[in-house]
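So the structure is just underneath, and the comments pick up after that.
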Amino acid sequence: MAGLWAEAAQRGVPERTKEALSMSQQTPVVVSGPTVDRQDEILSAPALDFLAGLHRAFEARRQELLKAREVRYAELAAGGTLGFLPQTQAVREGDWKVAEPAPGLVDRRCEITGPTERKMTINALNSGARVWLADLEDANTPAWSNVISGQANLIDAVEGTISFTNPDGREYALTGRPATIVVRPRGWHLSEKHILVDGERMSGSLVDFGLYFFHCAQRQIDRGFGPYFYLPKMESHLEARLWNDVFVHAQEAVGIPRGTIRATCLIETFPAAFEMQEILYELREHSSGLNAGRWDYIFSVIKKFRTRGADFMLPDRSQVTMTVPFMRAYTELLVRTCHQRGAHAIGGMAAFIPSRDEQVNATAFAKLAEDKTREAQDGFDGSWVAHPGMVAACTEIFDAVLGDRPNQLDRLRDDVDVSADDLLDVKSTPGAVTEAGLRANISVGIQYLHAWLAGNGAVGINNLMEDAATAEISRSQVWQWIHNRVVLDDGQVVTTELVAAIADEEIAALDGEPQEYAAARETFMTVATAQDFEDFLTVPAYEQMA
């Protein structure tokens, strides 16, 4: 297929695609923001034509689906509930399978996640993990320089030419067999303010997907793989249908077979847990599985039922483990659903990072072993880690269960029977709301936002690699506790005033001067204490970026 790409040397598209996309005499695409290295290469005229085609074909549907989210939340706030959809019962009871695993995605026993920063890209590809989730979403910030450099780094990674020299002289380059690249674009809710089509901001999802697909799809095919994606934060099978239509459009536009694209969907919103079958079905010719995106899942549980009182009030987030009833139901159902349909089930993130403190290290590795052992024994085909230093430990645990098999697709988990009530059983979560838990939420939230606003989305805090999901849980719990006047286990009532006082105390305990954290404090306090709940803190935070 290499001959289809007439401008491959210039990182272009097939001539027939360029002609087809340039036929319409519509308003030109407007690009703003500071000029970034390699921007002309990434945002070539054909690439912008391709993006414009995606926007014009799908933006109206994206907006309709975002409005549907608001309608569903209003129903939940008014006393409604979630359940399996009666109108899709035939899909759940039907006899169908997803596509066979694609090259490079047959064995996924350990996957590493991380942003597309150049050195981290090389370290992830060299880590020994089977898959690298190249994260343009929660472990990244959508600063314009990151948007462009991330795409440039992905091109170089696919080409095998990526290298980096540290300021201290250390050199980094690819060695051995690199991990399979799977790109996670931004969620449907995020826009890209630096690219306007017909006067409208583009979807961040379509920018990230479109640029990687445009520049790297044929490159990956030429190397025996394909353009693979992780799809985040969907709330319904209709959002999965939109992605599937995007894939069909993109493949037809460049003349590659349908089904070349493969996508793993993160089940990380509460509504999506009730539509796992349907999400796989909508993407079935492009599907490569589901992932238990557990941190965002907890955030979504809080968000969707934040005004519903004690039945949906969680304790300190450190006490919401994977073994509490509603989380156990969610992961068990995910494995059964995936294996029934021939799809991979991928476990959740282990955020631990190695430490120079031997005791901290011992605790981290013990927790990782417990977490990954449970997942492997439950039937997951692989799992995530956030640091190269954790790859060997995760791989070893899955090796012990898998042996020479590449996955556990033959384990159908017919013993699992999860009801809607099981998924909704948040009130059975044991634990308490404590001042220590409140302080942890405030401190971690402010520290993360401080780094995020500076352009860093993957942040080491308290020996954990944190991304936006942690900040979302932290601020949403604080909001929920304030608005429900939760009483801490020591008798204090959670109020805006208490949160403000703790914020000042926690900032004073951090390195640096308090004024350095002023923007992060203001952003956190706004999203944690405002009368109206902001769906995603990254939306207002993004507007503060250049």
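FYI, it's all coordinate maths here, none of it is from the lab. These numbers were taken from a predicted model, which means no experiment stands behind them. Here the Cβ is made from the backbone with ideal geometry for all residues, glycine too, and neighbour counts use every protein chain on show.
Report summary: the helix-based calculation at 222 nm, which adds -39500 (n - 2.57) for every DSSP H run with n ≥ 4 and divides by the residues of the chain, gives -14500 deg cm²/dmol.
The residue among 105, 514, 293 whose Cα reaches farthest toward the positive pole of the charge dipole of the chain, with charges on the beta-carbon of Lys, Arg, Asp and Glu, is 105. Extension gain for residue 399 to residue 70 (0.36 nm times residue separation, less C-alpha to C-alpha distance): 114.1 nm. Residues whose amide H lies under 5 Å from that of residue 465, counting only those 5 or more places away or on a different chain, are 352, 353; hydrogens are built 1.01 Å from N in the peptide plane.
Here the calculated FRET efficiency for residue 513 and residue 355, from their Cβ-Cβ distance with R0 = 22 Å, stands at 0.25, rounded to the nearest 0.05.
Judged by the ratio a/c of the largest to the smallest principal axis of the C-alpha gyration tensor, region 485-533 counts as oblate, that ratio being 1.5 or greater while a/b is no larger than b/c.
Helix 294-304 axis versus longest C-alpha principal axis of the chain: approximately 70°, rounded to the nearest ten.
When peptides 169-178, 446-455 are sorted by average Cβ neighbour count within 10 Å, with the highest value leading, the order is 446-455, 169-178.
Packing-wise, with mean Cβ within 10 Å as the measure, how do 300-312, 397-409, 487-499 rank, highest first?
Details: 300-312: 18.4, 397-409: 16.6, 487-499: 14.4.
My ranking of the peptides, most packed first, is 300-312, 397-409, 487-499.
Using R0 = 35 Å, the C-beta based FRET efficiency linking residue 483 and residue 91 works out to 0.40. Bridge orientation summary for the chain: considering DSSP beta bridges with both residues in this region, about 35 percent are antiparallel.
Pull out a ≥ b ≥ c, the square roots of the eigenvalues of the alpha-carbon gyration tensor of the chain, then state rounded if a/c is under 1.5, prolate if not and a/b is larger than b/c, and oblate in the remaining case. Verdict is rounded for the chain. Relative protection proxy for 467-476, 274-283, 240-249, from highest mean packing down: 467-476, 274-283, 240-249 (other beta-carbon atoms within 10 angstrom). Over 27 Å between C-alpha atoms is what I'm after, so list which of 97/233; 67/97; 367/427 land there. Flagged as over cut-off: 67/97.
With each label modelled as a point 7 angstrom along the Cα→C-beta vector, the residue 245-residue 428 pair spans 3.9 nm. With Cα atoms defining each centre, region 67-84 and region 479-546 are spaced 27 Å apart in the structure.
Projecting label points 7 angstrom from Cα along Cα→Cβ for residue 285 and residue 439 puts them 5.8 nm apart.
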